[in-house]
Amino acid sequence: MGPPERVTAFAPGRVNLIGEHTDYNGGLALPFAIDAGVTVRASALGERRISALAADFEDERDSFMLGGEAPSPGGWRSFVRGVCAELAAEGLPLRGATLEISGDVPVGAGLSSSAALEVALCLALLALADADVVPPWPLARICSRVENEWVGAQTGLLDQLASICGRDRAAMLIDFHTGVIEPVALQLGAWRLVTLDSGERHEHAGSGYNERRAECEAACAALGIASLHDADAEMISRLPSPLAQRALHVFEENGRVLAAVAALRTNDFEELGALLDASHASLRDLYEVSTAEVEAAVARLKSAGAAGARVLGGGFGGHVLGLMPPDAAAPAGAAEVRPGAGARVLER
Ligand code: GLA
């Protein structure tokens, strides 16, 4: 049997339960894939051309020859061109194709629409070329090079790994130092996790995200270590401001991830809520990635009775996350999120 003429791939967005801005610091995170995601339908073309259509962007189109992806045109087109170029740079096979892209993850809203797009594109293009399956870490690295080199966002591997490795009814404990990924049952009984839109959109390339990442690198340089994974409280206390605050957030957030895993294992959802609140306070006060709109959305969740609520993903806008006890009604506009399966080829 030759390669397929047509394939469909799907990759989900993600919610990170806890462990924010730890991924590029060799730390821990606990994300889960959600039901919303990006679908890519690919059909083989007789020439080495990619002809792409973005259904959610009023059917905007892009067309380029494989090998002729540069320069980066901006917007969704940079992702498509970047994925093709980075797959080829990895020595992976590619065929010319028409691509139809559609999705239901809001863009720039902290739910990883970009990782869903990158991963779905990779899976569709690789399946169409009958390529071997690329394991999670190398696949996530290819996608993150697209963010770094083609889109200009110095993001880590959290979103891509969450999208690739998602499982039904589980969050994934990711250790960015050892590379170990372990499912942790996320079954909350009558409790619910909800997201609420702050109304503010971000682009990581233009927000303070890259600056935070540079600050962590500066903290490592000042301490003579390769990663904040190797920093302890005493070392951090020697750093100047604001590097000390940034590093302290990372150090304590890693501890909160482990505490959250323990809380999930003992069904202690009050404790989980307290950890979400502590994470938010740290992201607001030490890491400084909150905004007035994010604070307002967190306050709405808390006044509706959330046991915990916090800024999600990179911050600087987007959705916030809340943990609602059984007897509390989420505020209007909030949507329940549940852990779902990871990225997959749907049809070939
Ligand atoms: C964004 C990035 C991730 C991660 C989070 C913060 O979602 O894409 O790599 O750094 O922010 O935890």
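Sticking with the crude label model, points 7 Å out along Cα→Cβ, report the distance from Arg348 to Asn267 in nm, one decimal please.
Roughly 4.1 nm, to one decimal.
Taking every DSSP beta bridge with both residues inside the chain, roughly what % is antiparallel (nearest 5)? Please list the in-between numbers first.
Working: 46 of 51 bridges.
Bridges in the chain that DSSP calls antiparallel: roughly 90 percent.
On the protein heavy atoms, probe 1.4 angstrom, tell me the percent of accessible surface of the chain carried by carbon and sulfur. Working shown, then result.
On the way: 6900 of 13650 Å².
Ligands and nucleic acids excluded, carbon and sulfur reach 51 percent.
Please build a GNM for the chain, connecting alpha carbons under 10 Å apart, and tell me which residue among Glu211, Glu252, Glu234 fluctuates the most.
Maximum fluctuation in the GNM of the chain, among the listed residues, is at Glu234.
Compute the FRET efficiency between Asp35 and Met65 as 1/(1 + (r/R0)^6), taking r as their Cβ-Cβ distance and R0 = 35 Å, and round to the nearest 0.05. Could the numbers behind the result be given before it?
Values: r = 36 Å, r/R0 = 1.02.
Efficiency, from the Cβ-Cβ distance: 0.45.
Note the full-extension length gain between Leu258 and Ser303 as 0.36 nm times their separation in residues minus their Cα-Cα distance, in nm to one decimal.
On the way: separation 45, 0.36 × 45 = 16.20 nm, distance 2.73 nm.
Here the answer is 13.5 nm.
Which FRET efficiency value, to the nearest 0.05, is calculated for Asp232 and Ala185 with the Förster distance at 30 angstrom and r the Cβ-Cβ distance? Could you put the intermediate results ahead of the total?
On the way: r = 31 Å, r/R0 = 1.04.
Computed FRET efficiency for Asp232 and Ala185 comes out at 0.45.
Binning at 10 angstrom from zero up to the longest distance, how are the C-alpha pair distances of segment 290-348 distributed in percent?
Using 10 Å bins, I get a P(r) of 22, 42, 21, 11, 3 for segment 290-348.
Quick query: amide H of Leu173 versus all other amide H atoms, modeled in the peptide plane; which residues come in under 5 Å with a sequence gap of 5 or more or a different chain?
Residues meeting the criterion, in which the H sits 1.01 Å from N, are Glu182, Val184.
What does the charge count near Ser282 come to, summing +1 for each Lys or Arg and -1 for each Asp or Glu among other residues with Cβ under 11 Å from its Cβ?
-2
Using the membrane-span-like helix rule (whole DSSP H runs, Cα extent along the own axis of at least 15 Å, mean Kyte-Doolittle hydropathy at least -1.0), which helices of the chain qualify?
Details: long enough: 75-89 (22 Å, 0.53); 113-128 (22 Å, 2.09); 209-223 (22 Å, -0.43); 243-265 (34 Å, 0.45); 269-285 (24 Å, -0.02); 292-303 (16 Å, 0.27).
Taking the DSSP H segments of the chain (at least 15 Å long, mean hydropathy at least -1.0), we get 75-89, 113-128, 209-223, 243-265, 269-285, 292-303.
In terms of the Cα gyration tensor, with a ≥ b ≥ c the square roots of its eigenvalues, is segment 216-331 rounded because a/c is under 1.5, prolate because a/b exceeds b/c, or oblate?
Working: a/c = 3.25, a/b = 1.70, b/c = 1.91.
Note, shape of segment 216-331 comes out oblate.
How much length, in nm to one decimal, is gained on full extension between Ile225 and Glu295, taken as 0.36 nm per residue of separation minus their Cα-Cα distance?
Answer, rounded to one decimal: 21.8 nm.
Hey, got the dipole for segment 76-182? About the Cα centre, +1 on K and R Cβ, -1 on D and E Cβ, debye to the nearest 20? The partial results should precede the final answer.
Values: 7 positive and 13 negative charges, 30 e Å.
About 140 debye.
The values are calculated or read from the model by the stated rules, or taken from the named source; none is laboratory data. Please read these numbers as outputs of a predicted model, since none were measured by experiment. Positions of Cβ are backbone-derived with ideal geometry, glycine not excepted, and every protein chain shown enters the neighbour counts. Ligands, DNA and RNA are stripped out before the accessible areas are found, and what is left, the full protein with its side chains, is counted by its heavy atoms. Shrake-Rupley method; radii C 1.70, N 1.55, O 1.52, S 1.80 Å.
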